[in-house]
Amino acid sequence: MTNRPNSLYATAAGVKFHYHDLGEGSPTIFLHGGGPGCTAWSDFGPVAPLFAQDRRAILVDILQYGLSDKCTITGPMWDFHAAKIVALMDELGIDRADFVCNSWGGTIALNLAAKYPDRVRSLVITGSMPVFYGPLAPLPEDGRRGRNARDVYYGGQGPSREKMRALITKLEWFDGDRLPEETLDMRYEQSLDPDEMALAAASDNPRGDWQDLTAELGVIKAPTLFAWGMHDAFLTPDYPLMLARMIEHGHLYVMDKASHHLQEERPYDYYTVVTGFLNQQHP
């Protein structure tokens, strides 16, 4: 993985965001997943230099993650995150952007595209769960697999490097033997952040109220590519096929020998598919 670029900060709508800004060209905002220790760079560092060759790649630490504010969220969670990302766009002078997102970040972007349609050119979504039901079978652990994994990771004797390895190799990577030690260390060290540990231990719900986005998907006009792993441990490819049918301009690509983090396991292949889609929508 390329060395992490300089940290940048911006205050928007009363919260502080940490982000990286690489390259020049059409603005493309990358939003990472919600696993323990996830950051913009841990999730998208392997592909960021590829996109930065011909795009402005803005990698944002989502609120409550990385070096962004660990604020408490009240009310509908996806509405909160979407509004704050729009405020960040305003602060950075970005009128419209493409969004390339993993898991948690993808659900934020889908809601943003529904609520603020003029701010989104197109979307690429991997491993996100915007609705609580599946087309063919119940969702794994009633759609709580990610939250359950977080509870296991922070529970018991608390976080450890080996528990992080087990979480990533079981749920996020198809071939855990290829997990770089650097990525493991980055995720583990970030998971020990005192504020992140306090959020995980909170008895109330500091992450906000969960929202089902069924109604929102139906009003999204932006071209949307669901780029999915054939072996995603959270949601099998029948789920994003259902999502693609719910969106007016929905597309689906399924990558073989990949799980939840395509952009880390297969960075060049992911970049090729995603940039082709983005360029197709915007010659």
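The values are calculated or read from the model by the stated rules, or taken from the named source; none is laboratory data. Note that this is a predicted model, so its numbers are computed, not measured. Every residue, glycine as well, gets a Cβ built from its backbone with ideal geometry; the counts of neighbours run over all protein chains shown. SASA here: full protein model, heavy atoms, side chains in, ligands and nucleic acids out. Shrake-Rupley method; radii C 1.70, N 1.55, O 1.52, S 1.80 Å.
Numbers at a glance
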item: For the chain, share of DSSP beta bridges that run antiparallel, in % to the nearest 5; result: 25 percent
item: Size of electric dipole in region 65-116: Cβ of Lys, Arg +1 and of Asp, Glu -1, about Cα centre, debye, nearest 20; result: 160 debye
item: For Phe226, distant residues with modelled amide H under 5 Å away; result: Ile125, His251, Leu252, Tyr253
item: Furthest towards positive pole of dipole, Leu110, Trp78, Gly66, structure part region 44-114, Cβ charges; result: Gly66
item: In region 27-118, the trypsin sites (Lys or Arg not before Pro) that fall in loop regions by DSSP, at most 16 other Cβ within 10 Å; result: Arg96
item: Rounded to the nearest 10 Å², the accessible area of Val152 at probe 1.4 Å; result: 100 Å²
item: For region 159-239: accessible area per residue (Å², 1.4 Å); result: 46 Å²
item: Cα centroid of region 161-240 to Cα centroid of region 83-159, whole Å; result: 9 Å
item: Exposed GluC sites (Glu not before Pro) absent: longest stretch of the chain, with sites in DSSP loops and at most 13 other Cβ within 10 Å deemed exposed; result: 25-247
